[in-house]
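The values are calculated or read from the model by the stated rules, or taken from the named source; none is laboratory data. Bear in mind that the values here come from a model prediction, so they are computed numbers and not experimental data. Backbone-built Cβ (ideal geometry, glycine too); neighbour counts: all protein chains shown. Each accessible area value is taken on the protein alone, full model and side chains, heavy atoms only, with ligands, DNA and RNA left out. Shrake-Rupley method; radii C 1.70, N 1.55, O 1.52, S 1.80 Å.
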Amino acid sequence: PTRINKIFYIPKYFCYSSYEKKLFEKTEAKILEYVPVGSLRASNFLSHVKTKNLKLEKTKYDICLIGEPASNSFQDFPYVDNFIELSGKIAEYTHRVCKKNKLNLIFSGKNSKFDPYLEEEELYYKNFLSNYDFKIVPRSESFSTFINACQSKLIIGHCSTFLREAFALEKKVLVCNLSGHKDLIFPSKGTCYLEKFDYETFEKKVLNLIEMPLSEYYEGMSESPKMVLNQNKDTADIIKNEILK
């Protein structure tokens, strides 16, 4: 990464928030200007909801678990101990807490129903969820994950970038850094973050968050939601205007 930072020069870096500036200024990355624009996908989704006048039930599910089969992302973190097992363990904890406390779960898959990798995703989680009658809901459209998350009280995941994008939905998110590795640390800690935990700690945190008002959740974050994601709703226009300057 250090060698690559010396090679590339980025005159204008469109990023999620000011967290990227804080992060990359500690490296040798050559970036002239940071432009925190938020998530283009999230902005497009919110526009889609408004344009189509979609009626989404905000508390249809207690938990939305984000599918992150490690086989798809292992090459990004090969140096993290037992990385390939982390998503599976988080899924097992999530299914256990739902079964024990009779919570309504939607397991939002990473792959579409026509993607050949869907079978691989199902086989990955089967290794960890053999004691559960689990069901991965594959993506049926480009905004499927957003729709599932938008209808849930709490979103749980490992290291997917969607966990930052989800802040545009004004939802409670729990990022589970089971390994505690520094490269998997989230822009904020506190209510939105859990590190190096056992099942009992996880269960207590989840049950507390489900009942917690959103305002209290925000207050309990070590950094503001804007540090996680600049919550612009017109990201495409901002990017267009910046490019045309």
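For the pair residue 55 and residue 117, a Förster radius of 41 Å applied to the C-beta separation gives a FRET efficiency near 0.85, rounded to the nearest 0.05. Accessible area ranking (1.4 Å probe, heavy atoms, ligands and nucleic acids excluded), largest first, for 22, 55, 153: 55, 22, 153.
When a/c is below 1.5 the answer is rounded, else prolate if a/b is larger than b/c, else oblate, so apply that to region 32-142 with a ≥ b ≥ c taken from the square roots of the Cα gyration tensor eigenvalues. Oblate, since a/c reaches 1.5 and b/c is not below a/b. If the segment from residue 96 to residue 243 were pulled out straight at 0.36 nm per residue, it would be longer than the present Cα-Cα gap by 48.1 nm. Modelled spin-label separation between residue 18 and residue 48, with each label point placed 7 Å from Cα along the Cα-to-Cβ direction: 3.1 nm.
Placing a pseudo-label 7 Å from each Cα along the Cα-to-Cβ vector at residue 28 and residue 208 gives an inter-label distance of 4.3 nm. Under the combined filter of DSSP loop state and at most 11 neighbouring Cβ atoms within 10 Å, region 166-230 retains these trypsin sites (Lys or Arg not before Pro): 196. In region 59-187, a dipole from Cβ-located charges (positive for Lys and Arg, negative for Asp and Glu) runs towards its positive end, and of 66, 95, 118 it is 95 whose Cα lies farthest in that direction. For the chain, the relative contact order works out to 24 percent when only alpha carbon pairs closer than 8 Å and six or more residues apart are counted. Is region 26-81 best put as rounded, prolate or oblate by its Cα gyration tensor, with a ≥ b ≥ c the root eigenvalues, rounded for a/c under 1.5, and otherwise prolate when a/b is larger than b/c, oblate when not? Taking the square roots of the gyration eigenvalues as a ≥ b ≥ c, region 26-81 is oblate. Ligands, DNA and RNA are left out, and with a 1.4 angstrom probe the accessible area of region 52-153 is 56 Å² per residue. Rounded to two decimals, the Cα radius of gyration of the chain over 2.2 N^0.38 Å is 1.03.
Share of region 181-241's accessible area from carbon and sulfur, percent, 1.4 Å? Carbon and sulfur together cover 49 percent of it. Ranking 237, 115, 133 from most to least accessible surface, computed with a 1.4 Å probe over the protein chains only, gives 133, 237, 115. Would you give the gap between the C-alpha center of region 182-221 and the C-alpha center of region 109-165, rounded to a whole Å? Their Cα centres are 20 Å away from one another. Computed from the C-beta positions of residue 127 and residue 10, the FRET efficiency with R₀ = 51 Å rounds to 0.80. Classified by the C-alpha gyration tensor, region 197-239 has a prolate form. Its axis ratio a/c, with a ≥ b ≥ c, is 1.5 or above, and a/b is larger than b/c.
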